[in-house]
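Quick notes on the structure that follows.
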Amino acid sequence: MAVNSRKVAIVGCGFVGSATAFALMQSGMFSEIVMLDADRAKAEGEALDISHGVPFSQPCDIHAGDYDDIADSAIIIVTAGAAQKPGETRLDLIKKNVGIFKSIIPEIAKRNFKGILLIVANPVDILTYAAKELSGLPDSRVFGSGTVLDSARLRFNLSEHLGVDPRSIHAFIIGEHGDSEFAAWSSANVSGVEISRFCEMRGYYHDHDLAKENIAEEVKNAAYDIISKKRATYYGIAMSAKRICEAIVRDEKSVLPVSSIQHGRFGLNDVALSIPVIVGKDGIESEIPFTLNDEEMQKLRDSAKTLRDMIKSCDLSVPEE
């Protein structure tokens, strides 16, 4: 079945899936959005509600569907999974959501899906690895939203601190999308100006390291803070999913810290985590010569070990039909 480059599907119509569909409807990137959920009525209701905004946007057919309806999608975004509860880490969700993926991913794979599988459900790194194992699709076409949102949060917080447009800030959170993530400060800059030097330009002459540490901690704990206040996060991740779709649909060759399967980069293997890569119409097109200092390298190895240990606790065998 040929891929329809103007079609996207969303599996899971909770807060994240619905917010993502809404963001994509407004973007005008797609002429068809298919929404799929274990609760068909929920998918139908969300599709109808979002469709009523189409007259204020661009033509788009938004409807509920099943696995046969999404097989020719250019991108399938998987947001389905149990929600993260207050006090619960992303990794606490692992076994529950791997079980859900065992019912979803094989259904997609057996329809000879030729598009890109974008994982957004948490814990995203482990579920990206699970999706790759359960689907058998090439690594380049199975990846997760990773730390795209975390990196956006970092840029936002830095923009508030430095008084500069966040779009001029180049800084990444890498590793796990979760408690072992960290900011790669050694490569962070504001339009080519190193962060500490830019701080001094803005009048901050002392405690650069403390300020950076506080900002990184705020980013790492942002989801917990939001969940404690409103029970879920969905607008930021919806915009992150939209940004990744833009890079794919427009073949932008954008550098994004998506969660991808590692095969020897920085000595890492058999794990999915986030390190910046080039994303275009074929998915992950290539790595970039991203550099880390010794401290960051150790943090990355520690993050990978955390994820690898969790992966080992999962039974990722494909269920019998």
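Every read-out reported here was derived from the displayed coordinates using simple, explicitly stated rules and does not represent laboratory data. The structure presented is a predicted model; accordingly, all values stated were derived computationally and were not measured. Cβ: placed from backbone, ideal geometry, glycine included. Neighbour counts: every protein chain shown.
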Principal semi-axes in Å for region 4-144 [√(5λ), Cα gyration tensor, largest first]: 24, 18, 13
Distance between region 210-277 and region 58-136 - C-alpha centres, whole angstrom: 17
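Using just the Cα positions, wrap region 254-321 in a convex hull and report its mean projected area in square nanometres, one decimal place.
Numbers: hull surface 24.0 nm².
Taking the Cα atoms of region 254-321, their convex hull projects to 6.0 nm² on average.
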Packing-based exposure ordering (other Cβ within 10 Å, fewest first) of 129, 204, 224: 204, 224, 129
Amide H partners (placed H, <5 Å) of residue 62, local residues excluded: 33
Cβ-based exposure ranking for 154, 210, in which fewest neighbours within 10 Å come first: 210, 154
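Starting from region 1-103, pick out the GluC sites (Glu not before Pro) whose DSSP state is loop and whose Cβ has at most 16 other Cβ atoms within 10 Å.
Working: sites: 32, 44, 46, 88; in loops: 88.
In loop regions of region 1-103 (DSSP not H, G, I, E or B), the sparsely surrounded GluC sites (Glu not before Pro) are 88.
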Residue among 273, 187, 47 farthest towards the positive dipole end of the chain, charges placed on Cβ: 47
Farthest toward positive dipole pole in the chain [+1 Lys/Arg, -1 Asp/Glu at C-beta], among 12, 22, 112: 22
Whole-number D in µm²/s for the chain (Stokes-Einstein; Kirkwood sum over Cα pairs; 20 °C, 1.002 mPa s): 107
Under 5 Å, built H, 5+ apart or other chain: amide partners of residue 273: 260, 262
GNM result for the chain, Cα springs below 10 Å: residue of 66, 309, 282 fluctuating most strongly: 309
3J(HN,Hα) from dihedral phi, region 59-68, Karplus parametrisation 6.51/-1.76/1.60, rounded to Hz, x for glycine, proline: x, 7, 8, 10, 8, 7, x, 10, 5, 5
Estimated vicinal HN-Hα couplings, Hz - region 96-102 in sequence order (Karplus 6.51, -1.76, 1.60; Gly, Pro = x): 4, 7, 4, x, 5, 5, 5
Above-threshold pairs, the threshold being 31 Å between Cα atoms, out of 229/253; 110/281; 114/253; 7/253: 229/253
Pair residue 186, residue 305: separation of 7 Å Cα→Cβ label points (nm): 1.8
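Please list the three semi-axes, largest first and in whole Å, of the ellipsoid equivalent to region 161-205, using sqrt of 5 times the eigenvalues of its alpha carbon gyration tensor.
22, 11, 10
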Backbone HN-Hα couplings from phi across region 108-121 [Karplus 6.51/-1.76/1.60, Hz, Gly and Pro as x]: 6, 5, 6, 9, 6, 4, 10, x, 10, 9, 9, 9, 10, 5
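Give, in whole angstrom and from largest to smallest, the semi-axes √(5λ) of the equivalent ellipsoid of region 159-296, with λ running over the eigenvalues of the Cα gyration tensor. If you can, show how the numbers build up before the last one.
Values: eigenvalues 127, 77, 58 Å².
Each semi-axis is the square root of five times an eigenvalue, giving 25, 20, 17 Å.
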Ranked 205, 67, criterion: other C-beta atoms within 10 Å, fewest first: 205, 67
For residue 252, distant residues with modelled amide H under 5 Å away: 281
Relative frequency of Cα-Cα separations exceeding 27 Å in region 72-212, percent: 38
